[in-house]
Amino acid sequence: MKHNRRKWVRVIPAAVALAALLPSLSAGVPLARDLAAEGAQAQRDCVPLLLEFAADDCEYCTLLETEVLDPTLLNRSYDRRVLMRKLVLDRETRIDDFSGKRVSAADLAGHYRVFVTPTLLFVDRHGTELAERMVGVNTLEFYGGYLDQALDAAREKLREQGQCR
């Protein structure tokens, strides 16, 4: 009986910790809420802010997230390379843009001239694009490499502009 009690004393805290972690593992790319605050956070971390423009009914968006973006979020080394946020164009939710103005994701897509989902933008804290955007999905086998190249280019641009401390 004593042995079983000791086992449960170790198992229960581990199960509670795992249960607390599971929602964050399956949550995917966090939704954008306040781009000014998220841009400021990206600047503090000296990383680009990746904006994923997606749609709920976009099969390619789901494929990109499942195969590339979600696994990237699970890789802790990317915490030092990028801050990701998602904007869903076919939802009515409003967000604060880089100037603090309440807008829809579709309004922001119009501002950036995003016409295809998925589209990835790499921006600084002001919303200025830092690297070539990634439009659509053509070959998943190479997408991760292209993503890494865009992140490197965006970070280099941040350094050149003196936005990193």
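Listing for the model above:
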| read-out | value |
| --- | --- |
| Residue in the range 64-75 that is within 18 Å of ALA42 (Cβ to Cβ), hydroxyl-bearing (Ser, Thr, Tyr) and without any contact (Cβ under 8 Å) to a residue 24 or more places away in the chain present | no |
| Candidate set from the range 85-101 (those that are without any contact (Cβ under 8 Å) to a residue 24 or more places away in the chain and of a type outside the set (Asp, Glu)); member that is nearest to ASP124 (Cα to Cα) | LYS101 |
| Filter result for the condition that a residue is surrounded by 19 or more Cβ atoms within 10 Å (Cβ to Cβ) and closer than 16 Å to TYR146 by Cβ, over LEU69, LEU108, LEU63, LEU89 | LEU69 |
| Long-range neighbours under 8 Å by Cβ, at least six apart or interchain, first residue farther than 16 Å from ILE95 by Cβ and in contact (Cβ under 8 Å) with a residue 60 or more places away in the chain within the range 42-59, second among the small types (Gly, Ala, Ser) and crowded, with 20+ Cβ neighbours inside 10 Å | PRO48/ALA42; PRO48/ALA131; PRO48/ALA154 |
| Residue satisfying all of: in the range 133-155; surrounded by 15 or more Cβ atoms within 10 Å (Cβ to Cβ) and charged (D, E, K, R); farthest from ASN75 (Cα to Cα) among these | ARG133 |
| Residue count, the range 99-148 (criterion: part of a loop (DSSP other than H, G, I, E, B), among the aromatic types (Phe, Trp, Tyr) and in contact with a strand residue (DSSP E or B) (Cβ under 8 Å, 6 or more places away or on another chain)) | 0 |
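Read the figures in this text as sums done on the coordinates, not as results from a lab. Keep in mind that this is a model prediction, so the values were computed, not measured. FYI the Cβ positions are ideal-geometry reconstructions off the backbone, even for glycines, and counts take in every protein chain you see.
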